[in-house]
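Every number in this text was worked out from the coordinates using simple rules, so none of it is lab data. Computed from a predicted model, the values in this text were never measured in an experiment. Methodologically, a virtual Cβ is constructed for each residue, glycine included, from the backbone with ideal geometry; neighbour enumeration extends over all protein chains shown.
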Amino acid sequence: MLEPAVQKEVDCFMQGLRRRNHGQPEFHQAVQEVVESIMPYLLENPKYRKAQILERMTEPDRIITFRVSWMDDEGNYRVNRGYRVQCNNAIGPYKGGLRFHPSVNESILKFLGFEQTLKNSLTTLPMGGAKGGANFNPKGKSDNEVMRFCQSFMTELTKHIGKDRDVPAGDIGVGTREIGFLFGQYMRMINEFTGALTGKGLEYGGSLIRKEATGYGCVYFVEEMFERIGDSVKDKVCVVSGSGNVAQHTIEKLLHFGAKPITASDSSGFIHDPDGITMDKLNYIMDLKNNRRGRISEYAEKFDCEFHEGKRPWIVPCDIAFPSATQNEISAEDAQTLVDNGLRAVGEGANMPTEIGGVHIFQKNKILYAPSKAANAGGVAVSGLEQTQNAQRYSWTAEEVDTKLKEIMKEIHTQCVKYGGWTNEHIDYVNGANLAGFIRVADAMLAYGVV
Ligand code: NDP
Ligand code: 2IT
């Protein structure tokens, strides 16, 4: 609970933000979570308020919107809306993923870009924050349709990106296949081979461990939280949502650590495998999702376990929850159910997967709660390492990249402990991540004066 005077300031700021950004609930939510964390610090340090840092940080540098016309396999004209929201480049060139999903709109991309700005700051690497994408649904589209869409999208996006300007990567619906098509078109347009995208294939400038980095990093972070209290993720029962890039590599790293993942999901429902998802079963999921682009329900048929149609996995008792699908997938009610069932920790692989009411429940119950901007920062961190390797025209081994990823996740944990332990004994990782991420960007903005 915030002090009444702090709450009043939060409410006042949020009222203005809502008025300026009408009808953008996801953006309001992301900002509110941060403002609740940092307002006590801002009140103690008036220089940030005098310089209107919060007002400026919540106003993206620019929002680019464009038409993406393409032709489907039947020869029909199709049109989608493309975006790039360049939020803040105070500490480095804009950096952040591209999302292709029918739900994509300005509110979602502004929330993701704002989160990305603070997340990238936490990595300690020189990266600003951005996010982009389109309301394009890759599901059911042929490879040729996806290629034509990507080429049309990149024909416009090329004008706004570059290795020292803005470096996009993948997110929901954008994986190695899409990055290949996008990078191919980018190179055609500028006639140079430069690392203006990350998440590239290994043959053309990609980094080892990038595809694994978000899920691996999330488990490394949760292990750090347990280690601090003399425990470990080993033998813990884990409930994972999603079955895409982040979920797959979270499950893989959990298996390396001797934990027991028992669920996976997609937008149709979740599978519950009480015997545990093994490495063989995970390989089946990877083939199902990455090659055959099938549905997770097929897992239940193949391995004879339950499929819960239209449901999320939070009703299954567990020690650790790893939401790894999308935003707002854990409601306050889900959070309470998890806590009532003995939850110890949460590692957010997805961006903002927990509604604010759920965040408060985790905080109140002193759950080891790793918020997304800390827990899933491993993905963009290895993207940063991919940029470094491209700039050096050199590639590091998987071991070298993995070691650096572990070091970065450890450092993020250290920063969260430093800034999240200033009010009481228990580490509030939400406050820690928000404050640590904010200060670096804010201090850079202060140095620039009125810009
Ligand atoms: P993928 O596209 O590889 O996988 C997304 C998964 O989430 C799929 O299983 C998908 O199911 C499911 N999903 C997507 N939207 C919904 C929805 N509205 N309701 C239920 N399930 C849904 O994406 P990623 O694994 O890359 O991304 C997952 C999350 O992790 C996102 O929040 C993303 O922003 C975040 N993230 C990703 C990073 C990365 O490096 N890729 C880095 C940091 C964060 P279906 O196939 O049925 O749509
Ligand atoms: O949300 C994220 O951090 C990402 N989708 C990864 C961004 C990146 O630039 O690698």
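Label points 7 Å out from Cα along the Cβ direction at GLU400 and HIS426: separation in nm?
Roughly 4.3 nm, to one decimal.
Okay, helix-only estimate at 222 nm for the chain: each DSSP H run of n ≥ 4 adds -39500 (n - 2.57), divide by all residues, round to 500 deg cm²/dmol; what do you get?
Computed mean residue ellipticity for the chain: -15500 deg cm²/dmol.
Using the Kyte-Doolittle scale, find the helices of the chain whose mean hydropathy is at least -1.0 and whose Cα atoms extend 15 Å or more along the helix's long axis, counting only whole DSSP H runs.
4-20, 25-44, 106-122, 143-157, 176-190, 210-228, 245-256, 377-392, 398-420, 429-448
Once the Cα atoms of the stretch 89-165 are picked out, what are the Rg and Dmax in Å?
In order Rg, Dmax, the Cα atoms of the stretch 89-165 give 13.9, 40 Å.
What does the charge dipole of the chain about its Cα centre add up to, to the nearest 20 debye, if the Cβ of each Lys and Arg holds +1 and the Cβ of each Asp and Glu holds -1? Let's see the in-between values first.
On the way: 52 positive and 57 negative charges, 295 e Å.
Rounded to the nearest 20 debye, it is 1420 debye.
Multiply the residue separation of ASN290 and GLU227 by 0.36 nm, subtract the distance between their alpha-carbon atoms, and state the gained length in nm to one decimal.
19.3 nm
Beta carbons within 10 angstrom, averaged per residue: use that to sort the peptides 75-82, 256-263, highest first. Kindly include the intermediate steps, with their values, before the conclusion.
Details: 75-82: 13.2, 256-263: 20.4.
Highest to lowest by the protection proxy: 256-263, 75-82.
Counting DSSP beta bridges in the chain, what percent are antiparallel, to the nearest 5?
Looking only at bridges with both residues in the chain, the antiparallel portion is about 60 percent.
So if the hydrodynamic radius of the chain is defined as the Kirkwood radius over C-alpha pairs, what does Stokes-Einstein give as its diffusion coefficient at 4 °C and 1.567 mPa s, in µm² per second?
In µm²/s, the coefficient is 59.
Note the full-extension length gain between ARG56 and ASP143 as 0.36 nm times their separation in residues minus their Cα-Cα distance, in nm to one decimal.
Length difference between fully extended and current span is 27.2 nm.
Across 10 Å bins from 0, what is the distribution of all Cα-Cα pair distances for the stretch 232-342, in whole percents?
Calculated P(r), rounded to whole percents: 15, 53, 29, 3.
Based on the alpha-carbon set only, what is the convex hull volume of the stretch 80-219 divided per residue, in Å³?
It is 110 Å³ per residue.
Would you list the P(r) distribution for the stretch 349-451, with all Cα-Cα distances sorted into 5 Å bins from 0 and each bin expressed as a whole %?
Taking every Cα pair in the stretch 349-451, the percentages come to 2, 11, 17, 18, 17, 15, 11, 6, 2, 0.
Expressed in nm², what is the orientationally averaged projection area of the convex hull enclosing the Cα positions of the stretch 393-451?
Numbers: hull surface 26.4 nm².
With every direction weighted equally, the projected area is 6.6 nm².
On full extension of the chain, what length is gained from SER331 through ARG18, given 0.36 nm per residue of separation minus the C-alpha to C-alpha distance?
110.5 nm
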